[in-house]
Structure formats: structure tokens, C-alpha cells
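Working notes for the structure below.
The values are calculated or read from the model by the stated rules, or taken from the named source; none is laboratory data. Keep in mind that what you see is a predicted model, and the values were worked out from it rather than measured. Reconstructed Cβ throughout: ideal geometry from the backbone, glycine too, with neighbour counts over all protein chains shown.
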Amino acid sequence: MIGVRKKFDVVVIGGGTGGYSAAIRAAKLGRSVALVERDEALGGTCLNRGCIPTKALLHAAHLLNEVKGASKLGLQVREVSLDWERLQVWKDSVVRRLAQGVKFLCERNGVEIVHGEARLVSARIVRVEGADLELEADAVVVATGSVPVEIPGLAFDGERVISSTEALSLPKRPERILIVGGGYIGMELGTFFASVGTEVVVVELMDQVLPGIDPELVSHVVRGLPQLGVEAHTKSRVMGLERSQAGIVARVQGPDGKGFTVEAELALVTVGRRPFAEGLGLEELGVERDERGFIQVNERFETPVSGIYAVGDVVPGPMLAHKAHWEGKAAAEAICGHEPGPRPPVPAVVFTSPEIATVGLSEPEARERGYDVVIGKFPFTASGRALTLGDNRGLIKVVAEAGSKKILGVGIVGPWASELIGEASLAILRDLTLEEFGAAIRPHPTLSEALGEAAEAPLGGAIHVL
């Protein structure tokens, strides 16, 4: 029996990046907004169990490696050690602070936060179990995110077979770990564990780790895996797994059809994520999901049921927090009568060692789509700033249409690729040509100079590379 019903202009289900962005934007546009989140903390997977804690741990691992290698710079460090418990405490403090910040922003913008399990009983009414409450709204935004994919024979038990969620908060550092799936989640976590001294074995079904990314970029990461302490098996499949007193024993089939076993303390399964929208009552209202579980929406992020919208990981497209952030704002603006503009290019980053960042079309993708392309490259071995950082691995690769010289895509592998890709995103958004992108004066010595040199290379204007 529901005791209270409240009326709002907009109800958002899910307090992750897409959800709280939609809620705050709608509130800024003058609408009354309620945000329903089942967890105690706001921020969703990215903030609490994904992007933020992973990058906090990776930063610590990066510092550890830098200190270990400081002798080449003339710095003598007597002793370096890892305090696992203190690292976890620091990581949790970062997550907690950001979650509190999201709550503060919602409250200060007038968003009412409701904790509980949401279910749509009609297109206009959301029932919140656990809060003795019904919320009536003119528009409902579904932003419930995604969950890790389980595969037969490797069901998560939270102890021996774990997902990325458990991997971020292990009570102690494992001595040896098997990672099933060499996508960006598996490779980022593999980079972290290897950097702090764990033996890492990665098994990937496709012909390269980080499938879908330009092989030329990936090769720079693969080259450093043995030195990092990562043993990677591509074109391989885990055929079965047994739990032992010491951990797990996995049976793996290699590319030649021959089998081998991998013993480890843990098996971390990172074969992807799937949209999560179960239990919301969408199907009963006529909101169907496709064969992969995605909710179909139009350019205004509205489902076929008028008044019900969806954003983020539950709709088609890359499962990235920044994509969800843009969609949340765009949906809120559509609800408030504004026409959302065309979707900007969505960059992607993999925080491996070295980092990879991409936006737009890769060279293979551009050629597959029939473009006649020209390629501009600049290696970080020719970057003064990269040399001063002690890390000159990788390159910048610019893909442009041969005739118009319009930039189609940019790929970066190397130091601070994650910070450099934003400039490339803007170049593609503004339809810049190689000449226009290369014309900007960038400060010296910086890594950003390499962007201009890579753009000018096909035009014969690059100075610091043949």
C-alpha cells in the first residue's frame, strides 16, 4: 500500500552520470525534478564501481612505477613499498568525496533525491519500493546503466570468480590473477595489478587485445606487456574452470587448438557489460528492448511510449560515462522544449600503459567506409616534452579525407593521451581540415605540439619529423 504520492515535472530513474546530469539540467531549466536511486550513494557505476576508483588505483600504480624507475633520472629512492589497505582507503575517500559532491549539486539545484527501487506502474507514475511513495510526472527518464556480463561456466561468486566491482575492493593484493576478456576493462585492471606486483594472465577470444581499436595503436601497448608482467593469450578461450583450495584452475584452448591450464588465485571476468533495465515494468507499458537489451529511442531520447525517455548505457551506443552525460543533458533539454543538437563525436580512452585515446574513425574504419584517406603521424620519440617526462612511447595518428583534407579521426597512444584527445574531438566537431588544425600555435614544450605536427605531416609542413 503506497502512503504518499508526489507530483513532479520530471522523474529520473538512476543516479549515475546520465541520470544526475538529466536531473540537474532539467532543474536548471526550471522543472521540478525527483531523482530515484536504489543505492545509498549517487554517481552510479562510473563513480562508485568503475571509472573513478579504477583511475585512482591506476594513478597510484603509475606513481609506483615512476618511483621505481627514478634512478634513470638521477633520483635515488631507498625503499618503495605498497600499503594495500591505505591505497584502498585513499581510493574510497576519492569516491566518497565525489559522490557527496553529486548529492550536493542535486540538492542545491532543487532536485529531490529518493532512495529505493523504482517501478513504472504507468507512463506517468513511478512507484518507489522501500520509500512508501509514488511519484507522478509529466516525463520519466530511465537511466539505470549497465551490469557486467556473465558467461556460462564462469558465474560470479564474488570470491574466486569476480567482476570488476569486486576487483576494485579486494581485501589483499592477489599474487596471480586470470583475466578473462582483454577489452578496455580487463586491460586497465590488468595494467593496475601487474604494476603493483601481481602476475597477470589475460585470455582474449579475438585476434588482439583491445579488439576494435586500430592495431597500430594497440601494438605499442602489447609491446610493453611482458615488461609490465602481463602474459596475454589472444585467439584463446576459457573452456572451463574449477575452484581449488588455493584459487582456480582454468582450462584454456589456444589458437592452435591445443589446451593448457592457468592456475591463479582469482578469475576476473571482463567480457563486457549489458544494459540493465529489469524490474522497471517497461515491457508491460510497451517499451521494448532489442535483442541485446537496449531501449530504442529517437533523436530526442524518447521511447515509443510518449513521456518515457532513456539515456546512457540502456540505449544503443558506447557505454561511456561522457556519452551518458551528454545524453542526460540532451534528454532534459528535449523534455523542456529545446531541440537537442546533433551528437558530437564521442572520444574513447583506455588507461593502459601507455594510454590509448581515439575519436572519430580509425584508419581501418575509414577505409572500410570507402574513404580515400591520407595519414599524418608524429612519434613521441620526436617530442621534447615526452623525453623530459621520461616516456616517449607511442605516436599520434591523424586520419583525413584525401580530397578535402577534412579530419575524420585521431588516434593517440602515449603519455597523457587521455588529456590530448579533447582537442582532437573539438577539431572533428568543427569539421576542421588538416591545415586548420595544424595552424594553431601550441605552447612549447608540450605534448600538444605533436597534434599539430601530425596534422601538418601529410601537407609537408611538419618540422620535427621526416
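Out of region 349-377, which residues are in contact (Cβ under 8 Å) with a residue 40 or more places away in the chain, more than 21 Å from LEU228 (Cβ to Cβ) and under 26 Å from the mean Cα position of the chain (by Cα)?
THR358, VAL359, GLY360, LEU361, SER362, GLU363, PRO364, GLU365, ALA366, LYS377 - these are the residues of region 349-377 that are in contact (Cβ under 8 Å) with a residue 40 or more places away in the chain, more than 21 Å from LEU228 (Cβ to Cβ) and under 26 Å from the mean Cα position of the chain (by Cα).
Looking at (1) hydrophobic (A, V, I, L, M, F, W, C); (2) touching an Asp or Glu at 6+ places or on another chain (Cβ under 9 Å); (3) assigned to a helix (DSSP H, G or I), which is the one condition that is false for TRP326?
Looking at each condition in turn, TRP326 falls short on (2).
Please specify each residue of region 73-128 satisfying the condition of being among the acidic types (Asp, Glu) and either assigned to a loop (DSSP other than H, G, I, E, B) or more than 20 Å from LEU35 (Cα to Cα) (or both).
Result: GLU79, ASP83, GLU85, ASP92.
Please state which one of SER32, SER21 is among the polar types (S, T, N, Q), in contact with a strand residue (DSSP E or B) (Cβ under 6 Å, 6 or more places away or on another chain) and closer than 30 Å to ALA131 by Cα.
None of the other options fit; the residue is SER32.
Which residue is nearest to GLN88 (Cα to Cα), if the candidates are limited to region 209-249 and must be in a helix (DSSP H, G or I) and in contact with an Asp or Glu (Cβ under 8 Å, 6 or more places away or on another chain)?
It comes out as LEU225.
Of all the residues that make up region 436-451, how many are under 18 Å from SER404 (Cα atoms) and in contact with a helix residue (DSSP H, G or I) (Cβ under 6 Å, 6 or more places away or on another chain)?
Residues meeting the conditions: 2.
Among GLU166, GLU188, which is the only one that is in a helix (DSSP H, G or I), crowded, with 21+ Cβ neighbours inside 10 Å and among the acidic types (Asp, Glu)?
Answer to the check: GLU188.
Consider only pairs whose beta carbons are under 8 Å apart and that are at least six residues apart or on different chains; among these, list those whose first residue lies in region 243-256 and is of a type in the set (S, T, N, Q) and whose second residue is assigned to a strand (DSSP E or B).
Listed pairs, sorted by first residue: SER244/GLU263; GLN253/ARG237; GLN253/MET239; GLN253/GLY259.
Here's the yes/no breakdown for (1) assigned to a strand (DSSP E or B); (2) surrounded by 19 or more Cβ atoms within 10 Å (Cβ to Cβ); (3) in contact (Cβ under 8 Å) with a residue 12 or more places away in the chain:
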site: THR261; (1), (2), (3): yes, no, yes
site: ALA267; (1), (2), (3): yes, yes, yes
site: GLU278; (1), (2), (3): no, no, no
site: GLU283; (1), (2), (3): no, no, no
site: VAL305; (1), (2), (3): no, no, yes
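Consider MET206 against the criteria (1) more than 21 Å from the chain's Cα centre (by Cα); (2) in a loop (DSSP other than H, G, I, E, B); (3) surrounded by fewer than 20 Cβ atoms within 10 Å (Cβ to Cβ); (4) aliphatic (A, V, I, L, M): it satisfies all of them except one. Which criterion is unmet?
With (1) more than 21 Å from the chain's Cα centre (by Cα); (2) in a loop (DSSP other than H, G, I, E, B); (3) surrounded by fewer than 20 Cβ atoms within 10 Å (Cβ to Cβ); (4) aliphatic (A, V, I, L, M) applied to MET206, the lone miss is (1).
Of all residues in region 127-169, count the ones that are modelled with pLDDT under 95, of a type in the set (Gly, Ala, Ser) and farther than 21 Å from ALA246 by Cβ.
The total comes to 2.
Return yes or no: is ALA34 more than 21 Å from the chain's Cα centre (by Cα) and modelled with pLDDT under 95?
For ALA34, the condition - more than 21 Å from the chain's Cα centre (by Cα) and modelled with pLDDT under 95 - is not met.
Answer yes if at least one residue in region 223-231 is under 20 Å from the mean Cα position of the chain (by Cα), on the phi > 0 side of the Ramachandran plot and either outside the structural domain of CYS51 (by TED's automatic domain parsing) or at pLDDT 95 or above (or both), and no otherwise.
So far as region 223-231 goes, no, none of its residues is under 20 Å from the mean Cα position of the chain (by Cα), on the phi > 0 side of the Ramachandran plot and either outside the structural domain of CYS51 (by TED's automatic domain parsing) or at pLDDT 95 or above (or both).
Have a look at ALA143, ALA137 and point out the one that is farther than 28 Å from ILE185 by Cα and either more than 21 Å from the chain's Cα centre (by Cα) or not charged (D, E, K, R) (or both).
Only one candidate passes the filter, namely ALA137.
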